[in-house]
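Have a look at the structure below, then the notes.
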Amino acid sequence: MSATLAWARPSRVAPVPGLGLTLGVTLAWVGLIVVVPLAALAIKPWELGVAGVAQSLAEPRVLAALAVSFGAALVASLVNLPLGLLLAWTIVRLDFPGRRVLDGAIDLPFALPTAVAGIALTALFAPNGWLGAPLMAVFGWQVAYAQAGIVVALVFVGLPFIVRTVEPVLRDMGRDAEEAAATLGATRPQTLGRVVLPALAPALLTGFGLAFARAVGEYGSVIFIAGNMPMQTEIAPLLIVIRLEQFDYAGAASVGLAMLLLSFAILLGLNLLQRTLRRGRR
Amino acid sequence: MSARFRPAHADAPWANALLAGAAILVAVVLLALPLAAVFVEALRRGLPVALAAILEEDSLAAIRLTLAVAAITVPVNLVGGVAAAWAVAKCEFPGKRLLVTLIELPFSVSPVIAGLVFVLIFGAQGWLGPWLQARDIQVIFALPGLVLATVFVTFPFVARTVMPLMQEQGREEEEAAATLGASGLQTFLRVTLPNVKWALLAGVLLCNARAMGEFGAVSVVSGHIRGETNTMPLHVEILYNEYQFAGAFAVAALLALLGLVTLAAKTLLERAAGRRAGGAA
């Protein structure tokens, strides 16, 4: 038995060549561009000492900026969950003229440079803009130069992440389970709530995490629309820029390291939540 | 009502129409209007004014610098990305998952932090700052810094688009080629590359678009010296902050066009790749 298997499987397949060269290039590339620079970020803050880092982060302005960045990213990603689901569903399940254009347009935030998105959204939502003026006149809402503006910019940059993670899952899912549920007498809302949504939940969570990670660090599209008032609409990345301009390298690195560690902790939490979700469905 | 039968698992036509309408509304407000705003604002004072803003000396310098940065960045990440994809997809070695995680890491790092890390190393008060200053080498506030920050930010694009495809295709064909005596380079050029060329091209286009449009990372390392270290997105910011809106939006429109062309090319490439995959099956 084992003899025939050994004979049937050629045991002397030549390994694909090129490991040494490609791995060498890869390690040099990853090491010089990613590992060493991020190591610098991890080491630099401690020039201030542990107490110094704590003091540098405990400044009210820093805490406020971190709260604005993480809070706005959270709100924007939550807003993007239903919007992303709606767009993914529309692309996969519905057929109407313009569906392909819609499909292509969803990647626009990936392709449009962030500074361009920033000034465009500002023009749109400024108090005299196409959308800003009616929102102000009808509801009295100020969007640009307020925290709402930050959320709008982050919704824009995060939207495709959720659509593009949910879309393939929805496409692969097929309609068998929905047909079965309907045959067993489930109403349409029951089917959507108990069959479709749970199956999409892990993908929604992944997309949420990607959009959130991107939104926390976003800079270009936000600084134009935010107004950048310290304690109110100043985001953490802008604070890093300001500290660098004052040659406070260690202080800037402290904020950067805090941002990275916080967002990795949140992504880790999302990952664990996702595992629990998957296990629960088994 | 007609006797037409609607399966129980399908939604009512009015519900579908409502969903499609809502989706189109979201797309118009969030995607179409911002894009339209760029072009309307750029042309507000007429096409000649917009063109003059683009053809002005500092704008042309910014365009040249942006092209130079992309011309260095894209090949670096193309070589690194293809090498990484080959090593991960076609060979065996320990620590593979860690390597893949490191390659994807730049996607979850703020662009500002991407600029910051290079200032920490090469800046005036960075690790190598004094050493570089003694030799009169400028990294930060000069082209090398712009390139480093841009390489970091666009790092995963090529690797991320090619790697999954190469993994999916397995390594039987490459093993066969190796068994038949092909060298590594021959195997890559004749066996692997034809299988992934569309994905590779898409990855290069995305990498290029991001390299030309990057703002946060280059803003940190640029120093904003007009005509010298200003890339196009930074030039947009300067014009905008000087209330030269027509000029700012004109340069922005040029960048938006680059984004649109990239998007269209990517869509076409995906269709070409999809047709190919379908035809082979």
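With unit charges on the beta carbons (Lys and Arg positive, Asp and Glu negative) and the dipole taken about the Cα centre of region A:98-230, which residue among A:V101, A:A203, A:M136 sits farthest to the positive side?
A:M136
Can you work out ³J(HN,Hα) from phi for every residue in region B:50-58, in order, using Karplus 6.51 cos²θ - 1.76 cosθ + 1.60 and θ = phi - 60°, giving whole Hz and x for Gly and Pro?
These are the phi-based 3J(HN,Hα) values: 4, 5, 4, 5, 6, 8, 5, 4, 5 Hz.
Where only protein heavy atoms count, and the probe is 1.4 Å, what is the accessible area per residue for chain B in Å²?
Values: 13080 Å² over 281 residues.
Accessible area per residue: 47 Å².
When the Karplus curve 6.51 cos²θ - 1.76 cosθ + 1.60 is applied with θ = phi - 60°, which whole-Hz ³J(HN,Hα) does each residue of region B:170-175 get, with x for Gly and Pro?
Those phi angles translate into x, 10, 4, 5, 5, 5 Hz.
Keeping every protein chain in place, order B:I54, B:I24, A:I225 by accessible area at 1.4 Å, biggest value first, i.e. largest first.
B:I24, B:I54, A:I225
Taking θ = phi - 60°, what integer Hz values does the Karplus form 6.51 cos²θ - 1.76 cosθ + 1.60 yield along region A:91-106, in sequence order, with x for Gly and Pro?
For region A:91-106, the Karplus curve yields 5, 7, 9, 9, 10, 7, x, x, 4, 5, 5, 4, 4, x, 5, 4 Hz.
Looking at region A:153-282, I'd like the Rg to Rh ratio, where Rg is from alpha-carbon atoms and Rh is Kirkwood's inverse mean 1/r.
1.15
What's the buried accessible area, both sides, between A and B using a 1.4 Å probe, rounded to 100 Å²? Each step should come with its number before you reach the end.
Working: alone 16690 and 16640 Å², together 26070 Å².
Its buried surface, counting both partners, is about 7300 Å².
Only loop residues by DSSP count here, and only those with at most 16 other Cβ atoms within 10 Å; note down the trypsin sites (Lys or Arg not before Pro) in region B:115-196 that meet that.
Qualifying residues, ordered by number: B:R135.
Running a GNM on chain B with Cα contacts under 10 Å, which residue among B:E41, B:E56, B:E172 ends up with the highest mean-square fluctuation?
B:E172
Comparing B:Q244, B:Q125, B:Q138, which has the greatest mean-square fluctuation in the GNM of chain B with Cα pairs linked when under 10 Å apart?
B:Q125
With a 1.4 Å probe and all protein chains kept in place, how much accessible area does A:V143 have, in Å² rounded to the nearest 10?
Roll a 1.4 Å probe over it and A:V143 shows about 10 Å².
Using only Cα atoms, locate the centre of region A:192-242 and the centre of region A:27-60, then give the distance between them in Å, rounded to an integer.
Cα centroid to Cα centroid, the span is 23 Å.
Where the convex hull is taken over the Cα atoms of region A:143-216, what is its projected area averaged over directions, in nm²?
It is 5.9 nm².
Mind listing which chymotrypsin sites (Phe, Trp or Tyr not before Pro) in region A:246-282 are in a DSSP loop and have 13 or fewer other Cβ atoms within 10 Å?
Sites meeting the loop and neighbour criteria: A:F247.
At a threshold of 8 angstrom on Cα-Cα distance, excluding pairs fewer than six apart, so keeping six or more, what relative contact order does region A:1-153 reach in percent? The partial results should precede the final answer.
Working: 55 pairs, mean separation 21.6, N = 153.
It comes to 14 percent, rounded to a whole number.
Dipole magnitude of chain B about its Cα centre, charges +1 at Lys/Arg Cβ and -1 at Asp/Glu Cβ only, in debye to the nearest 20?
Approximately 720 debye in magnitude.
Considering only A:V151, B:T192, B:A36, whose Cα is most displaced toward the positive end of the charge dipole of the protein assembly as shown, charges sitting on Cβ of Lys, Arg (+1) and Asp, Glu (-1)?
Final value for the positive-end residue is B:T192.
To the nearest 20 debye, what charge dipole does the protein assembly as shown have about its Cα centre, counting +1 at the Cβ of each Lys and Arg and -1 at the Cβ of each Asp and Glu?
1680
Once Rh is set to the Kirkwood radius over Cα pairs, what Stokes-Einstein translational diffusion coefficient, in µm²/s, holds for region B:1-118 at a temperature of 37 °C and a viscosity of 0.692 mPa s?
On the way: Rh = 20.9 Å.
D, rounded to a whole number, is 157 µm²/s.
What is the dipole size for chain A, taken about its Cα centre, with +1 at each Lys and Arg Cβ and -1 at each Asp and Glu Cβ, in debye to the nearest 20?
1020
Take region B:124-196, compute every pairwise Cα distance, and split them into 5 Å bins from 0; I just need the percent in each bin.
3, 13, 15, 13, 9, 8, 8, 8, 11, 9, 3, 0
Projected onto the charge dipole of chain A (+1 at Lys/Arg Cβ, -1 at Asp/Glu Cβ, origin at the Cα centre), which of A:I240, A:V92, A:M173 gives the Cα projection farthest towards the positive end?
A:M173
Would region A:1-149 count as rounded, prolate or oblate if I go by the C-alpha gyration tensor, calling it rounded below 1.5 in a/c and otherwise prolate when a/b exceeds b/c, oblate otherwise? Don't skip to the answer; put the middle values down first.
Working: a/c = 2.96, a/b = 1.39, b/c = 2.12.
Oblate, because a/c is 1.5 or more while a/b does not exceed b/c.
Would you calculate, for the protein assembly as shown, the mean residue ellipticity at 222 nm contributed by helices, counting each DSSP H stretch of 4 or more residues as -39,500 (n - 2.57) and dividing by all residues, to the nearest 500? Mind showing how you got there, number by number?
On the way: 31 runs with 417 residues, N = 563.
My calculation for the protein assembly as shown gives -23500 deg cm²/dmol from helical runs alone.
Which of rounded, prolate, oblate describes chain A, given a ≥ b ≥ c as roots of the alpha-carbon gyration tensor eigenvalues and a/c under 1.5 marking rounded, otherwise prolate only if a/b is larger than b/c?
Oblate, because a/c is 1.5 or more while a/b does not exceed b/c.
If you build the convex hull over the alpha carbons only and average its shadow over all orientations, what do you get for chain B? Give it in nm² to one decimal.
If I average the Cα hull's projected area over directions, I get 23.3 nm².
With an 8 Å cut-off on Cα pairs and a minimum separation of 6 or more residues, tell me the relative contact order of chain A in percent.
Result for chain A is 28 percent.
Calculate the spin-label point distance for A:R279 paired with B:V28, positioning each point 7 Å from the Cα along the beta-carbon direction, and give it in nanometres.
My value for the distance between the label points is 4.8 nm.
The values are calculated or read from the model by the stated rules, or taken from the named source; none is laboratory data. Everything quoted here is computed from the prediction, not taken from an experiment. Note that we place each Cβ from the backbone using ideal geometry, even for glycine, and neighbour counts take in every protein chain shown. With ligands, DNA and RNA removed, areas are computed over all heavy atoms of the protein, side chains included. Shrake-Rupley method; radii C 1.70, N 1.55, O 1.52, S 1.80 Å.
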